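Following: one structure in structure tokens, then a few remarks.
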Number of protein chains: 2
Amino acid sequence: MTLTIQEKTFLMNSIRDIVDFPKPGIVFKDITTLLADKEAYGVLMKHLQERYASYELTHVAGIDARGFIFGAALAQMLGIGFVPIRKKGKLPYTTVSEKYTLEYGVDEVEVHIDAFSNIDSPKVLLIDDLIATGGTAYAAANLINKVGAECVEACFIMGLDFLSGQSKLRDIVNVYTVIGVD
Amino acid sequence: MTLTIQEKTFLMNSIRDIVDFPKPGIVFKDITTLLADKEAYGVLMKHLQERYASYELTHVAGIDARGFIFGAALAQMLGIGFVPIRKKGKLPYTTVSEKYTLEYGVDEVEVHIDAFSNIDSPKVLLIDDLIATGGTAYAAANLINKVGAECVEACFIMGLDFLSGQSKLRDIVNVYTVIGVD
């Protein structure tokens, strides 16, 4: 269930650093190189499948858009439902929304009001590719609870350990990060 | 490998019609109800896995953002890589892009220039949730070929049969649609 040091190193090496994207001073963690590599993508997803097999989850909720990639694959591997949490204006039915602050300004995520209502007592794993300041994830976990489901854990492929996002998010939900980034 | 009439009806009934979204006169096909239902999501993905098991694909390419959901899950089930085709400005590394015309105006999709270069002779399945006029899919299939891969088929969960998208796209690639919508 735990990744070996070798597996973690393999996964880290499959992620590409892009300097100055989306703006100067930022090193963007490019997961497309991991996804294109069937070995790396397989090792990662098998690890998540093993970790969450015993959680008795009913849904995986993925954050728009890279969270869809890991979340939808994991939901299928676990044989459970997938729920998209989207940026404002993308979901067609009645939604519940939650605002969060960015470095400059405010953004908003939404979920369908009946997203988890096909099952009694829904138990949900929230997933995204990366946690930095954690604003989006905090809003998304709140949204899951707001529409009557239990968000049992928030999972990220990468966590930026030098930012405080994980500790803030731990106030409201368990947090699991596959790879810590210094 | 072929879905039964009962399975097709089950899948169609799991998709929700939203009238007048995103604008008046349009009936939006909401796949979130299909995804949240583990039975429907499972039937659909198992069908795709069976269909594509013999294609000797090396990658599945999904179109931003709903194509990520089906594409990433299918790639993992087939044990191959996943490549995102994104709207302009979202991919961090050097990209190749392709413009396409919308009802009003022009849009653009991109793929990383080295998206498929981790494997010799890449054979790619393109996937999205729905084909209407087919402009995005046509541009995406061209992009796959432009960066040196072979787009062997384009797969859609739903096809709007009253629009000409599928026949236009068939000029450059095989097209498979799981559910036809009148």
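Any chance the stretch B:140-162 includes a residue that's charged (D, E, K, R) and in contact with a Gly (Cβ under 8 Å, 6 or more places away or on another chain)?
Going through the stretch B:140-162, the residues charged (D, E, K, R) turn out to be B:146, B:150, B:153, B:161.
With the extra rule that they be in contact with a Gly (Cβ under 8 Å, 6 or more places away or on another chain), the set shrinks to B:161.
Checked against the condition, which is being charged (D, E, K, R) and in contact with a Gly (Cβ under 8 Å, 6 or more places away or on another chain), the stretch B:140-162 yields at least one hit.
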Looking at (1) in contact (Cβ under 8 Å) with a residue 40 or more places away in the chain; (2) buried (at least 24 other Cβ atoms within 10 Å of the Cβ), which is the only condition residue B:66 fails?
(2)
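Among A:128, A:114, which is the only one that is out of contact with any strand residue (DSSP E or B) (no Cβ under 9 Å at 6 or more places or on another chain) and either at pLDDT below 95 or of a type outside the set (Gly, Ala, Ser) (or both)? Give the steps one after another, and end with the answer.
Numbers: A:128 fails: out of contact with any strand residue (DSSP E or B) (no Cβ under 9 Å at 6 or more places or on another chain).
When all the criteria are applied, what remains is A:114.
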Limited to the stretch B:9-50, what total is found for residues that are surrounded by 14 or more Cβ atoms within 10 Å (Cβ to Cβ) and among the β-branched types (Val, Ile, Thr)?
6
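Just give me the residues in the stretch B:8-24 being free of Cβ contacts under 8 Å to residues at least 40 places away in the same chain and of a type in the set (D, E, K, R), in sequence order.
B:16, B:17, B:20, B:23, listed by residue number.
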Looking only at the stretch B:95-124, how many residues end up being assigned to a strand (DSSP E or B) and either more than 24 Å from residue A:30 (Cα to Cα) or not β-branched (Val, Ile, Thr) (or both)?
11
Just checking, which of B:150, B:108, B:103 is modelled with pLDDT under 95 and more than 14 Å from every other protein chain (Cβ to nearest Cβ)?
B:103
Expected output for the stretch A:113-131 (first residue touching a residue at least 60 places away in the same chain (Cβ under 8 Å) and at positive phi, partner assigned to a strand (DSSP E or B) and not aromatic (Phe, Trp, Tyr), Cβ below 8 Å, 6+ apart or cross-chain) is A:121/A:150
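Select from the stretch A:139-174 the residues that are among the aromatic types (Phe, Trp, Tyr) and buried (at least 22 other Cβ atoms within 10 Å of the Cβ) and list them in ascending order. Steps first, please.
Filtering the stretch A:139-174 down to residues among the aromatic types (Phe, Trp, Tyr) leaves A:156, A:162.
Residue satisfying the conditions is A:156 alone.
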Inside the stretch B:138-178, the number of residues satisfying the requirement of being in contact with a helix residue (DSSP H, G or I) (Cβ under 6 Å, 6 or more places away or on another chain), aliphatic (A, V, I, L, M) and not in a helix (DSSP H, G or I) is 4
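The values are calculated or read from the model by the stated rules, or taken from the named source; none is laboratory data. Here the structure is a predicted model, which means the values were calculated and not measured. Methodologically, a virtual Cβ is constructed for each residue, glycine included, from the backbone with ideal geometry; neighbour enumeration extends over all protein chains shown.
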